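First comes the structure, then the notes that go with it.
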Amino acid sequence: MRCSPKEIRRIILKQSKRAHVGHIGSALSIADIIAVLYADTLRVPNPEDPERDRFVLSKGHAALALYAALFLSGWLDEEQLDTYCGDGSLLGVHPEHALRGVDFASGSLGHGMSLAAGAALAARLQRSPRRAFALLSDAECNCGPVWEAVMFAAHHKLSNLIAIVDLNGQQALGYTQQVLSLEPMAARWSAFGWDVHEVDGHDLPELRETFARLDTTSGPPHVLIARTVFGKGVSYMQSQIKWHYWPMSDAEYQQALNEVEAAP
Amino acid sequence: MRGAFANTLTELAGRDPRILLLTGDLGYMALEPFAEQFPERFFNVGVAEQNMVGLATGLAEAGFIPFVYSIVSFAVLRPYEFIRNGPIQHQLQVRIVGVGGGMEYGSNGLSHYGLEDVAVLRTQPGITILAPADHQQTRAALLASWDLPGPIYYRLGKDDKTTVAGLDGRFELGKLQRIGDGADLLLIAMGNIASEASAALQALAARGVACSLAIVAHVSPAPIDELVGLLAVFPAALAIESHYAVGGLGSLVAEVIAERNLRCRLVRCGVHSLPDGVTGSQRYLYQRHGLSTDGLVATALATLQEVQ
């Protein structure tokens, strides 16, 4: 199976329904970004290769999108995928580092940016062409340590560091503009000295091409400010706060699946 | 101790290119030997300790052995969750180096004291805690431990002159070091306050009280069996630490006594109350909290009277 957004969304819906858990909207929001990363962008011959690119899902609560990509990349079998949120499973709500293909555990927002900066610095010190990617939520940028790492990476010109901000405008209890304004997001990263790209986080060619043309050998670190729709692909979840935590009923699941299947 | 640490680390870095040193903008007149000899492996990350630990986690995942350096409270308490979710959870070779354990930053006040660092890190399985007693033991402890698997916390002092009589720089992983063979009372000390404990040992001997001193530099995992062996044969013990009385060495000894059903009377000599804003030298603060040589001698004599 290809690591396509449609497959990722199918898996997100199926597994969150089976496990009766939430965080569905957050995972759907990054399905396209994850697909482009795993199908076209990350250089990961296998998860054990020390020269692989590193990836930190800093918004760990969207782990189901990552599990889907690991499964579709062939690093996780279906039997294991079906243990999601079960007793004794390595596939919890947030990614555990013990799971094959997870470079760093996450779940505590604000942590991943500095992990990725460290991974990028390590590659530079080892004169390796590998890169480090961190996928952050927009609300995660409420956290101070994100900006500590952002400053460090710019100061040291970590051109092999690529951040992606999932700008879906929502957080657990409200819309980001109401909770703690993050705008102007792009200007903030730019002011910190980063190479900023504002993209449509659901436009596959745009994402692919943007990643492909980043200069990861010299210059500043890069950030894609990816405008996304929370719950993308499922009409009744889109931009609805309750789908941060809410699990689906049978009817809701069926409708969600129908919409995802019907999408191009 | 920080001088011994910096010099020994510089030596080790000459042997192993995996060693890096990160500082949160501290270490003036201490870290220069490393910075000058290995400028490409030395990073002043600025006043950003959470990021410092996060960076070290990313570096260690790629095979480096990063040492991160700051004053105890900034090295441990500010980035505590980053230590927990980073090097501890991932079992990576990050070394947290805290300088000024206890009240060594005297006049700087509570913000600069390290009074609960051992307590909070001791709750975490999967991190080695080393609190050497003097600069000689600091060197020995670093040489014995620097490439151990998993993370390490080094709790250091600033003093590179004072030595603990009879310790002679001894250190062995997982062991305590005994000084003296008196059987009247057991003194147990952690960190640089061991010099006060050692002075108390001598002062008590002059009064005819024969004590033994156990230096617990390898705090976690604790030298349980050796502690049991000692606590089983002494009528009373003083746990001496420049640390809050809850959670540190005294609590560790209490756990051993309770769980092994020993009959030793324990007195926890530590900081029992919130510092009230009155500052001064470490010596003054030791006196204020009953941790000076005289204070320890008085506590020892009172304890002996109680148990006899």
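Only the coordinates and a few stated rules stand behind these numbers; no lab work does. Every value quoted in this text rests on a predicted model; they were computed, and no experiment measured them. When we count neighbours, we look across all protein chains shown, and the Cβ atoms used for this are built from the backbone with ideal geometry, even at glycine.
General remarks:
- Scanning region A:106-121 for residues being facing chain B (nearest Cβ under 7 Å) and buried (at least 24 other Cβ atoms within 10 Å of the Cβ) gives a total of 8.
- Any hit, region A:45-65, residues being farther than 24 Å from B:ALA62 by Cα, more than 10 Å from chain B (Cβ to nearest Cβ), surrounded by fewer than 24 Cβ atoms within 10 Å (Cβ to Cβ) and of a type outside the set (A, V, I, L, M): yes
- Filter result (of a type outside the set (Asp, Glu) and either buried (at least 24 other Cβ atoms within 10 Å of the Cβ) or more than 7 Å from chain A (Cβ to nearest Cβ) (or both)) within region B:47-60: B:VAL47, B:GLN50, B:ASN51, B:MET52, B:VAL53, B:GLY54, B:LEU55, B:ALA56, B:THR57, B:GLY58, B:LEU59, B:ALA60
- Contacts under 9 angstrom Cβ, first residue in region B:8-31 being over 20 Å from A:ALA122 (Cβ atoms), partner of a type in the set (Phe, Trp, Tyr) and surrounded by fewer than 22 Cβ atoms within 10 Å (Cβ to Cβ), 6 or more apart: B:THR8/B:TRP146; B:THR10/B:PHE38; B:GLY14/B:PHE38; B:LEU31/B:PHE42
- Of the helices (runs of 4 or more DSSP H) lying entirely inside region A:139-237, those carrying at least 1 residues that are more than 20 Å from the chain's Cα centre (by Cα) are A:144-155, A:176-179, A:185-191.
- Given (1) aliphatic (A, V, I, L, M); (2) touching a residue at least 40 places away in the same chain (Cβ under 8 Å); (3) outside any loop (DSSP other than H, G, I, E, B); (4) under 17 Å from B:ALA203 (Cα atoms), index of the condition B:LEU291 fails: (3)
- Residue match in region B:171-190 (condition: over 27 Å from B:GLU306 (Cα atoms) and of a type in the set (Gly, Ala, Ser)): yes
- Selection from region B:76-94 of residues that are away from every other protein chain (no Cβ under 14 Å) and free of Cβ contacts under 8 Å to residues at least 60 places away in the same chain: B:LEU77
- Output for region A:198-235, where each listed residue is among the hydrophobic types (A, V, I, L, M, F, W, C) and surrounded by fewer than 15 Cβ atoms within 10 Å (Cβ to Cβ): A:ALA212
- Condition met for A:ALA68 (out of contact with any Pro (no Cβ under 8 Å at 6 or more places or on another chain), more than 27 Å from B:PRO66 (Cβ to Cβ) and more than 11 Å from every other protein chain (Cβ to nearest Cβ)): yes
- Residue that is nearest to B:ALA194 (Cα to Cα) [pool: residues in region B:1-42 that are touching a Pro at 6+ places or on another chain (Cβ under 7 Å) and outside any strand (DSSP E or B)]: B:MET1
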